[in-house]
Amino acid sequence: MSTIYTQDITVSCQPSGPDAWQIEFTSPHAGLCHQLYANGRLADWTDTPDARRLVFHALEEAAQLQVAAVEPADRTRDLHAMLPPAALPSWVFRTFVAPPAAAPADAVVCLLTDAGGAETVLAERPAYPPNAPRMGMGLDAFGRSAHGYGAGLGAGLGNGVFGQSPMGMDRVGQELTAALTTEGLQHVRVSIRWPGGGVDLPAQAMLTMLPPAPPQAITVVDVDTQTHTLTIEITR
């Protein structure tokens, strides 16, 4: 069974080229590798237990970082479900979506929010991941895909929701995340659409608290050498 440790790990960051940060940390967890999570998603990992440096490529939205120690065999596995709740900030929406068996290969999934009074699209992507196994027996045009399978991007084994596709196979699913940019109560829902059909899932209420905006400028106003006082002005 996998185990993840976040206690007593201290982190420091410094710029490392355009849109990248170097993450250095101290950890008492000897013999373990370390992972870096950004907004609850695996972003980087160390390949050896002695390494104490990671690289983070900045996201478009604000990011909350968490370093965790794991067994070396688990270093490339996304174990975000085992992180403490504080590792996933309130401005990030996350959900797992498994399209219905009737959804064809060209179906799309949308995340929508009613923030601001009008429903807008947070994210949109194909309903089936690009690496979805082509195991669509009986789901689409017979024998049109590789090795004589049906042409539908159906589910493989151990890749989605257990036993939810025809013949008891697993149904392909994927995790979707989106950064919320409006503070306060809003409702986020998932809509799966394809030509001639679609499915709308129930909306989820989200109470969002956005992180502080970074300052536009930090200006040194005064330096008092007598009192060793530095006065700065922060413009937001």
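Bear in mind that the values in this text are calculations on the coordinates, not laboratory data. Owing to the predicted nature of the structure, the values given are computational and were not obtained by experimental measurement.
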The set of residues whose placed amide H lies less than 5 Å from the amide H of Ala127, leaving out same-chain residues fewer than 5 positions away, is Ala107, Val108, Val109
Scalar couplings 3J(HN,Hα) for the stretch 220-225 by Karplus 6.51 cos²θ - 1.76 cosθ + 1.60 (θ = phi - 60°), nearest whole Hz, x for Gly and Pro, are 6, 8, 7, 10, 9, 6
Under the Karplus relation with 6.51, -1.76 and 1.60 and θ = phi - 60°, whole-Hz ³J(HN,Hα) for the stretch 27-34, x at Gly and Pro, equal 8, x, 8, 5, x, 10, 7, 10
Residue span Met82 to Ile9: 0.36 nm per residue of separation minus Cα-Cα distance leaves a gain in nm of 24.7 nm
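Using only the Cα atoms of the stretch 4-87, construct the convex hull and provide its projected area averaged over every direction, in square nanometres to one decimal. Could you put the intermediate results ahead of the total?
On the way: hull surface 20.7 nm².
That works out to 5.2 nm².
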